[in-house]
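Here's the structure we're looking at; comments come further down.
The values are calculated or read from the model by the stated rules, or taken from the named source; none is laboratory data. Note that the coordinates shown come from a computational prediction; the quantities given were computed from them, not determined experimentally. Virtual Cβ from ideal backbone geometry, glycine too; neighbours counted across all protein chains shown. The protein model used for the area step is the full one, side chains on, heavy atoms only, and it has no ligands, DNA or RNA in it. Shrake-Rupley method; radii C 1.70, N 1.55, O 1.52, S 1.80 Å.
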Amino acid sequence: MQLIVDLHLHSHFSRATSKSLTLEGLYKWGKIKGVNVIGTGDFTHPSWFSELRDKLEPAEPGLFRLKPTIAADIDKSLSESIKKQEIRFILTSEISNIYSKLGKVRKLHNLVIAPSFEDVSKINSYLERIGNLSADGRPILGLDSKELLKICLKINENILFIPAHIWTPWFAMFGSKSGFDSIKEAFDELSGEIVAVETGLSSDPWMNWRIKELQNIAIISNSDAHSPQKIGREATIFDCPFDYFQIISAIKNNDERLLGTIEFFPEEGKYHFDGHRICNVKLSADETKKLDRICPVCHHQLTVGVNFRVSELASFPVGFKPENHKKVEYIIPLPEIIAELKGVSVSTKSVSDTFIKVYNTLGNEFAILRNIPTKLISEAGFPELSLAVDLVRRNKVEIEPGYDGVYGKIRLFKDERARKNFGGQMSLL
Amino acid sequence: MNVIFQRTSEQEKAIKSQGSVIVKAGPGTGKTMTLIGRIYFLLNDLKINPEEILVLTFTQKAAQEIKERLNIESEKSAITVGTFHSFALEVLLDEGLKIKLASEALRQKIIKEIILEERLKTTARSFAENVSNFKNFNSNSSNLNKDILLYQSKLERDDLKDFDDLLSIFHTKLKEDLKLKNKLQSRFGHILIDEFQDTNILQYEILKQVINSRSHLFVIGDPNQSIYEFRGADAQVFSRLKDDYSEIEDIRLTKNFRSCQDIVQVSNRLFPKSPLNPNQTDRGKVMLIETLNEYTESEWIVNLITTSIGGLDLNQAVSNDKEVNFSDFAILYRNHNLSKILVQKLKESGIPFQRIGESSLYEKKEVSFIICVLKFLNHQVMDNFYLILENDFLNLDYKILHKVKDFNGKKIWLDMKSNISSEKGFTEIVLKLEELIKSFKDGVGLQQLVLSICDKFQIKNESTNLDIEQFLSILIQFGNDNYSIDKFIHFISWLNENNFYDKKSNKVVLSTIHSAKGLEFKYVVVMGFEDNLIPIIKGGSIKEEKRLLYVAMTRAKNELYLTYTRIRNKRKTKISQFKNIIKGEGIVEMVDKSLERRIKAKEKWKLRNSQLKFF
């Protein structure tokens, strides 16, 4: 059974998150998006943990489901096309570790995944003595990541510890600003216990495959969503039944049960390429190296991006693919595709109306983006959408990498003319 | 990393002194190292029998630390290391005196009783201080009043002594019992006293009893750091000792290893007669920051920590190639009241912090009450029942407690409850406990029991909710079966032994200046550098206030910030009069940017208003 799993997201108890990040909100959007297993996030927060115990009940080993009465209520408001899909929850939390090691301040975000309320309780009683868990769904601890890993291992070997979005400059294991240069540097003798890393929105498996230390460990993707609409924007695909221990062992063994990941185009990130926004200079890693990191316009240090950081630590060239590699699927979120077809902003009502119409007719977003034959999409009355989905599935998109704080652009059409040439029946959407 | 410093010649001289010696050790001059060095010198070089060495400290913690530094196990070691109190108790018990010490909780209870009974307009804390002061300076009997007598009679009723009694009993005993005095004098040829400036008169008198002409006295401390005068410490004790024993040698340690140059230079101005020399080559930083009010002050402090650490989230992120930890910061203030807004701002920021002396989750009133009830349910004996009744949460009329205790003859809960359950206010509690006992016997698990306790005693409300949720979140691990309570109670006693907090945890420290004594931090902020805070002018001793500021400033290793506000608690404030003493080279004055902004905004507003008048 194919499962789409999103382990990293937040509740409404985290900073700068949507109020609708409740279990009900996650359940509903899980069905709209087509995510099968959703991380709860924030299990260290006492109020959220209390909500989890209130509203969830054990389902298959290590997984939870929304209590049937609550679920039934939400299902009432959903169309037949998306209602049937089962949703499971998995207990997860992200922790912000801020500490000094080897003479530098290190800031790492780490993901912790646990199989039971009892294990979460044990983790919380440890961490409660170290920091303030009720200030933020993602608590800041002045604790060495390695010590956090130790605590997890000590409590239960089935607790999974994963360095999060490892390439972001400021808060990640390989971050250029406050990270490390290797897993070994960060975790010393416990490096072997790091069985997986999270790509984050700023990198894709291809970038990670260039790193020697990452050749044999699992590369997974999650959304890090701060609103329910964003869950599953990146995710990991498994071929296994609903079972915590199967999911965990697939990750630990990095075996055939882990099929691959669903990815954003990493070029969309704000710091993919290097450059200077003010000088209008945008450079690839190779160009930056040739220039010795100096801006050709203002002659100051360039802001180097994630891609450069990868090339700094890489042992293998661009495009290198390890033998034991997984599938990589790139997506553009369905509302964004619709917005571009319509030539309007993604936040408009017209886009959300069409989005609802599309999934009510065809099924959840992942089914539309990944599985439903384009012919069927077209026949259902969305011919332009079917063509657009086909482009995305074949990665035929226009890519403009982000740099120095400027978001990159991933588009179906190079310009307005291309959009207009694409089809004249936009009104049907 | 252990840095082994080369001893200074002053330290060397103190350690190897032949006779008796007073060592005046300023902040950061290696006081503890010198004390430990001295003990090693006595043991290893002079081959003194460890049984002859007595080391007296002022806190259990300090005694423990010395034992740890000496790497000796308390029971096996022949060196006597302890506080004046523990030493007194040990000797008195050895002499066959039967002394029952009142627990601090019981003492508090008695004091609260008296305050209620006598309708006193005083706090329990100041009452306790009065008692203590009276007992420590019993020469001044004008302080004696009927309340203190009442307190004493209540202690005596149960044949109990308090800590202050201990010292006066010991003192009297020494004066009367020549044999004991001689025994102690001949046994302890070497007496070492740490933090000598904290000695009070009674302690000093005791000391005089246990030394004779052959004793070697080694006292170490800093008269400039005597900040416990209000508790009876005798700031003059150094000169008193010198007057009483003129042959005693005087040594001053003057090299400050702790603080950067500017910090030493600026703090020296408080005591120009005993300046220290900085050993550090870095200048460091001393800043005086003016800000608008207590809110902007706290924001400024949070901002300082955030930027030093290099940002806590993406919006604040900056590069930082220095080694900085949360625990490198200490925020010091005159009293805990001052920290209220800061605590709020720190919570909002998510910065991990701890207040020294703050109660942990398990010590909070409501949670500790729940724990008491659980202990009682698990083991239904009178002692556990008393714990419930004595708990602050119930805030029970003390008379009920007495009735229950008077009934102590029958130790069985079942007998007792039928006899006095008619007492008003008490019936309810007994009934509630009865129901809980029933649930417990029916096998209701831990979590459910806690919820029932909360329900029955109406513990959950808006302000306690988060604590209770946190507590419940920790209980989950013990399951819900018949053994769950047992397991939980084990866990609590383990925590109890481990101080509830992880001491080594990396958090910003918030502390009163008093509690920060002896500690050091890379970055220190002293809040509220204002008249009426530092110094407290009314009723305070300006000299002691100056010493307090000195203690605060000398905690800093690299950077020291003194903040003051224009307005606090909606009242205009004045910068501390001590500014005139410390001002000068090495101190940078700065106006908080937010204050500048507000002033500009206000001027703009005034201007607009005045222009509007033309219309």
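Just to verify a result, which residue in the stretch A:11-50, among those that are β-branched (Val, Ile, Thr) and within 19 Å of the chain's Cα centre (by Cα), is farthest from residue A:233 (Cα to Cα)? Give the steps one after another, and end with the answer.
Step one: filter the stretch A:11-50 for residues β-branched (Val, Ile, Thr), giving A:17, A:22, A:32, A:35, A:37-38, A:40, A:44.
If we keep only those that are within 19 Å of the chain's Cα centre (by Cα) as well, we get A:17, A:22, A:32, A:35, A:37-38, A:40.
Values: A:17: 16, A:22: 18, A:32: 12, A:35: 10, A:37: 14, A:38: 12, A:40: 16 Å.
Result: A:22.
How about the stretch B:440-463: which of its residues are under 14 Å from residue B:366 (Cα atoms) and part of a helix (DSSP H, G or I)?
Narrowing the stretch B:440-463 to residues under 14 Å from residue B:366 (Cα atoms): B:450-463.
Once the filter is applied, which keeps residues that are under 14 Å from residue B:366 (Cα atoms) and part of a helix (DSSP H, G or I), the stretch B:440-463 yields B:450, B:451, B:452, B:453, B:454, B:455, B:456.
Rundown of residues vs (1) free of Cβ contacts under 8 Å to residues at least 40 places away in the same chain; (2) out of contact with any Ser or Thr (no Cβ under 7 Å at 6 or more places or on another chain); (3) crowded, with 18+ Cβ neighbours inside 10 Å; (4) part of a strand (DSSP E or B), yes/no style:
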position	(1), (2), (3), (4)
B:156	yes, yes, no, no
B:169	no, yes, no, no
B:180	no, yes, yes, no
B:214	yes, yes, no, no
B:224	no, no, yes, no
B:243	yes, yes, no, no
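Within the stretch B:17-27, can you find the residues that are at pLDDT 95 or above and open to solvent by less than 20 Å² (accessible area, probe 1.4 Å)?
The answer is B:21, B:22, B:23, B:25, B:26, B:27.
Being of a type in the set (Gly, Ala, Ser) and either within 14 Å of chain B (Cβ to nearest Cβ) or assigned to a loop (DSSP other than H, G, I, E, B) (or both) is the filter here; which residues of the stretch A:32-64 pass it? Outline the logic, then answer.
If we filter the stretch A:32-64 for residues that are of a type in the set (Gly, Ala, Ser), which is where we start, we get A:34, A:39, A:41, A:47, A:50, A:59, A:62.
Within the stretch A:32-64, A:34, A:41, A:47, A:50, A:59, A:62 qualify.
Can you find a residue in the stretch B:493-509 that is under 26 Å from residue B:66 (Cα atoms), in contact (Cβ under 8 Å) with a residue 12 or more places away in the chain and of a type in the set (Val, Ile, Thr)?
Yes; the residues of the stretch B:493-509 include at least one that is under 26 Å from residue B:66 (Cα atoms), in contact (Cβ under 8 Å) with a residue 12 or more places away in the chain and of a type in the set (Val, Ile, Thr).
Taking the stated definitions as given, is residue B:116 in contact (Cβ under 8 Å) with a residue 40 or more places away in the chain and open to solvent by 50 Å² or more (accessible area, probe 1.4 Å)? Even if it seems obvious, please write down each step before you answer.
On the way: in contact (Cβ under 8 Å) with a residue 40 or more places away in the chain: yes; open to solvent by 50 Å² or more (accessible area, probe 1.4 Å): yes.
In short, yes.
Look through the stretch B:477-512, keep the residues that are modelled with pLDDT of 90 or more and within 11 Å of chain A (Cβ to nearest Cβ), and return whichever of them is surrounded by the most Cβ atoms within 10 Å (Cβ to Cβ).
In this case the residue turns out to be B:508.
For the structure I just gave you, tell me whether residue B:73 is open to solvent by 50 Å² or more (accessible area, probe 1.4 Å), farther than 30 Å from residue B:280 by Cβ and at pLDDT below 90.
On the way: open to solvent by 50 Å² or more (accessible area, probe 1.4 Å): yes; farther than 30 Å from residue B:280 by Cβ: yes; at pLDDT below 90: yes.
Yes, satisfied.
Anything in the stretch B:522-540 that is out of contact with any Phe, Trp or Tyr (no Cβ under 6 Å at 6 or more places or on another chain), over 19 Å from residue B:574 (Cα atoms) and either within 14 Å of chain A (Cβ to nearest Cβ) or surrounded by fewer than 16 Cβ atoms within 10 Å (Cβ to Cβ) (or both)? List them, or say none.
B:522
Kindly provide the set of residues from the stretch B:33-60 that are open to solvent by 40 Å² or more (accessible area, probe 1.4 Å) and touching a residue at least 60 places away in the same chain (Cβ under 8 Å), ordered by number.
B:51, B:52, B:58
Take the residues in the stretch B:335-352 that are open to solvent by less than 30 Å² (accessible area, probe 1.4 Å) and within 9 Å of another protein chain (Cβ to nearest Cβ); name whichever of them is nearest to residue B:295 (Cα to Cα).
Checked the stretch B:335-352; the qualifying residue nearest to residue B:295 (Cα to Cα) is B:346.
Test residue A:6 against the criterion of being within 14 Å of chain B (Cβ to nearest Cβ), under 18 Å from the mean Cα position of the chain (by Cα) and not hydrophobic (A, V, I, L, M, F, W, C), and give yes or no. Spell out the reasoning first.
Working: within 14 Å of chain B (Cβ to nearest Cβ): no; under 18 Å from the mean Cα position of the chain (by Cα): yes; not hydrophobic (A, V, I, L, M, F, W, C): yes.
Spelling it out, it is not the case that residue A:6 is within 14 Å of chain B (Cβ to nearest Cβ), under 18 Å from the mean Cα position of the chain (by Cα) and not hydrophobic (A, V, I, L, M, F, W, C).
Looking only at the stretch A:102-135, count how many residues are open to solvent by 10 Å² or more (accessible area, probe 1.4 Å), in contact (Cβ under 8 Å) with a residue 60 or more places away in the chain and within 9 Å of another protein chain (Cβ to nearest Cβ).
Matching residues across the stretch A:102-135 total 4.
If residue A:18 satisfies all but one of (1) away from chain B (no Cβ under 14 Å); (2) in contact with an Asp or Glu (Cβ under 9 Å, 6 or more places away or on another chain); (3) not acidic (Asp, Glu), what's the number of the condition it fails?
(2)
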